[in-house]
Amino acid sequence: MSSRQMRFSWGLLAAVLGIGLTLSFAATQNEPSRPVEELLPADTVLLLGHDGAERHQAAWEKTAAYESMYESGMMDVWEKLIDFVGQQAGMGANSDVDQAMKHLEARGATLAVSLPSAQGPPLPHAMLVLHDAAKFESMLTGLARNLGGSIRAQFESKSVSGRSVTMAVIPDSPGVEIGVWAEGGHLVVVAGIDAISTAISVADGKTPNLKSNELWRKYNYGTDSFETTSVAWLDFAAVRSAYGAMPLPTPGGKTIDDILQTAGLHNLTSAAYQYGYRHRSLWSQVAIEVDGPRTGLLALSDQKAMTLADLPPLPANTSGFNASRLDMASLWNIVTQLIREGAAFGPPGAAEQVDGVLSNLPQMIGFDPGRDLFAALGDIVCIYSDPDQGFLGTGMGVMLQVRDANTLTETINKLLLQAEQASRGDFRVHRSEKSGRELVLMQFGDVQAGALCIDNGWLIAGLMPQSVEAALMRIDGKLTSWKPTAEQAEAFETLPKSFTSITVGDPRVSWHTLMKLAPFFLSGGQAALKEERILPRDAELPITIADLPPAELIVRPLFPNVTVTTSDSDGIHITSRQSLPGIPFIGSIGEGSGLATAAIGTALLLPAIQQAREAARRTQSRNNLKQIALALHNYHDVYGSFPSGTHPNEKLKPEERISWLAAILPFLEQQPLYQTIDFEESWDDASNERGAMTRVPSYLNPGSVAAVVGPGETHYVGIAGVGKDAPMLPVTSKRAGVFGYNRKTRIRDITDGTSNTIMTSEASGDFGPWMAGGNASIRSLTTKPYINGPDGIGGPYRGGVNVGLADGSVRFVSENIDPRVFELLSAMADGEVIPQF
């Protein structure tokens, strides 16, 4: 694993764990550099910027997240893991790349995509500025030169307007160039047509820079209400202006503007995101600006505002909930309208067919969805956790406001009856009376899970019937309902009092659960890394569970997270106040998935998950063998025979020649790769280096990829027959298989029948280059056991091997097959009857 991959993995896992912050800082200070916004073009339409952690160190250290992660010692444990992974990858902590990554984390970077107003199609420019990183110029230009070969680009240094620019033009492009140089103390990377001169023009003040961009003036790092560390925005109006008139690849001459109009996105002007720190909180704001009446998808944001008083009676001990205003009748009307109007973009007659289906839908399902279901529901939807009614989150529930309980009850009963009839007994319904209402318990197979009840004001559903019954008792005042805690009330004071949606969650729940599960995660994670060959079998993680801090140190500084959405004439606004992001799949409703059972269930069902993953890989391997078989038959249709095992070349040994796998490349949509091969030279000749280093997806078994030690390998081989001399036998030999070094097999030569003859197989080891003849691409039966034995015929899947038969089908053959039967299957003309296998 490279240092870049290591850092990427760190960042990804940190996001999953809820850290989501850049927490490393550079050891040295640079002299003040030129403001980055002076280098970025005014016509930027997409901006992604991070100001660097170092500039906000003081504000960061005041947050609850810092106290939870750093002062508890949790980050010390995490950094030990990062250093360990770096050591396993052979990358020292003080390497150039490692230092560059630390600098990037500390000082930040900005990516800007612009649409220059030039003649011709609006081809974008991309510009990446690595803040205060000019000292890493030689390292980055060196990497660019090394990577240039992979895109056939020749990087060279040129003097441009007084700058030393390392640049290259991408081959087969309309003049797209890549450039790298130091500018104003920063390191600049650009890509696009004339991107270098355009960027330098901005830097020299000849072209307006980002400071004149309206979105930059509104959404930058200068937020008054909190200290901003990251910004992102998209100028949707500018993008639409540039690309809206472009035609769609559909009949009728429709354009991108037409589809935006249909979806109701034509009035969307921009979307912006700002993130940073406010006192002890992590704070973020999202603004989606809309100009004009909202239709289509944006019409869903036109919901009546609600307050905490509009919430249904929630469990007193709920650890999280999400509540939204969403008028169900309007939702149904908008969705059906979008379906009808969207059908106009389909093939001729599609609109009439869709309209016919929607018009006849009430007759087809026995009720009118708009009138009998959606119109019977109100406009408040609330999902909540009920830790008192279920184990590890199974007590979650849903409450939907009801306008017409009688109509809704009749419709739900129709749906349940239809489900029972359609499932033929697999789905059943049990009914009982709870608190004077009918409670419906649903049974799927032998598992009873899922319950619902319709009250006069609410439709209540839950995973457990106890959650539904408890909600009824809260409605009746027999159980205590939720009231904001002091911590929640404090959060509400800093946020809008009315909103269209609100999410409340407690990160302490997920982090406390994580610490309880840490022993399982550590042992299971280490085993998984070894299984995937990321860690050597004898490697041990540098930490034990004793290195983890007490859970109280992590959760004590934390407080509830609250996010609210509001809507006004200017657009949609989302404001979030967090102490620390919760962990999805472990936390409460407001902290990710809302299903704590997901993480626990995954742990409990690991054997089943492993089997499912293996089954998926085995299926993909079967597909690869099918593709290879189809390519072989197409080759046969063109040339009258299957390819010989090696390309004819008497001056080379079989293991030096080009293999049959290279011959079928054009029939696997690999014609460009095929054209690079010199079949008259050996596979490892310098002229064939590019091909030999290229991985062909169809030649890689997903179950064996973890064992790949280099590029250009194959995990599939042709079967030569029985005996060490099988590849040299004539086509008429009773021991000959489909592939031999010099023999070309025709379908009529397979007298045992194509459905009784193995043509290809997975390999179980001794992998070699797909370009190479000999044992790398052809295997013979020489030593029992033939499957997963010393001959290298077999695979990574338990119980047997996938083989491709000469008729193009693929079979999974048990490793316990009678060796004699496997011999008969491997020979194509032995004339013997083959038993069932």
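Quick note on segment 181-308: its Rg to Rh ratio, both from C-alpha atoms and Rh being the Kirkwood radius, is 1.06. Which percent of the accessible heavy-atom area of the chain goes to carbon and sulfur, probe 1.4 angstrom? Roughly 55 percent of what the probe reaches on the chain is carbon or sulfur.
In terms of overall dimensions, the C-alpha atoms belonging to segment 116-273 reach 50, 47, 29 Å along their principal axes, ordered largest to smallest. Segment 618-669 and segment 289-353 have their alpha-carbon centroids 54 Å apart. Give 651/724; 102/158; 414/483; 434/497; 651/784 a once-over and call out the pairs whose C-alpha atoms are over 32 Å from each other. Going by Cα-Cα distance, 414/483; 434/497; 651/784 fall outside the 32 Å limit. Annotation: aspartates and glutamates with alpha-carbon distance below 13 angstrom to residue 254 (same-chain offsets under eight excluded): 341. The sum of -39500 (n - 2.57) across all DSSP H runs of n ≥ 4, divided by the residue count of the chain, sets its helix-only mean residue ellipticity at 222 nm to -9000 deg cm²/dmol.
A convex hull fitted to the Cα coordinates of the chain yields 216 cubic angstrom per residue.
Of the chymotrypsin sites (Phe, Trp or Tyr not before Pro) in segment 389-472, the ones in a loop by DSSP (not H, G, I, E or B) with at most 16 other beta carbons within 10 Å are 391.
Give the lysines whose C-alpha is closer than 20 Å to that of residue 218, dropping any in the same chain fewer than 8 places away, or say none. Correct list for residue 218: empty, as no lysines qualify.
Each label point was placed 7 Å from the Cα along the Cα-to-Cβ direction; for residue 433 and residue 172 their separation is 7.6 nm. Taking every pair of alpha-carbon atoms in segment 642-694, give the share separated by more than 18 Å as a whole percent. Distances greater than 18 Å cover 24 percent of the Cα pairs.
For segment 152-259, applying the loop criterion from DSSP together with a ceiling of 11 other beta carbons within 10 Å to the trypsin sites (Lys or Arg not before Pro) yields 152, 206.
Select from segment 710-773 those trypsin sites (Lys or Arg not before Pro) which occupy a DSSP coil region and have at most 16 other Cβ atoms within 10 Å, ordered by residue number. Of the trypsin sites (Lys or Arg not before Pro), the ones in loops of segment 710-773 whose Cβ has at most 16 other Cβ atoms within 10 Å are 724, 734, 746. Note on residue 71 and residue 117: the model spin-label points, each 7 Å out from Cα along the C-beta direction, lie 5.3 nm apart. Just to be sure I follow: if Rg is taken over the C-alpha atoms of segment 174-241 and Rh is the Kirkwood radius over the same atoms, what is Rg/Rh? That ratio is 1.02, to two decimals.
Straight-line reach from residue 516: which lysines have a Cα under 24 Å away, not including same-chain ones fewer than 8 places off? Filter leaves 80, 530. Normalised per residue, the accessible area of the chain is 46 Å², obtained with a 1.4 Å probe and no contribution from ligands, DNA or RNA.
The values are calculated or read from the model by the stated rules, or taken from the named source; none is laboratory data. The shown structure was predicted, so the numbers you read here are calculated from the model rather than taken from an experiment. All Cβ positions, glycine included, derive from the backbone under ideal geometry; neighbour counts span all protein chains shown. Accessible surface areas use protein heavy atoms only, side chains included; no ligands, DNA or RNA. Shrake-Rupley method; radii C 1.70, N 1.55, O 1.52, S 1.80 Å.
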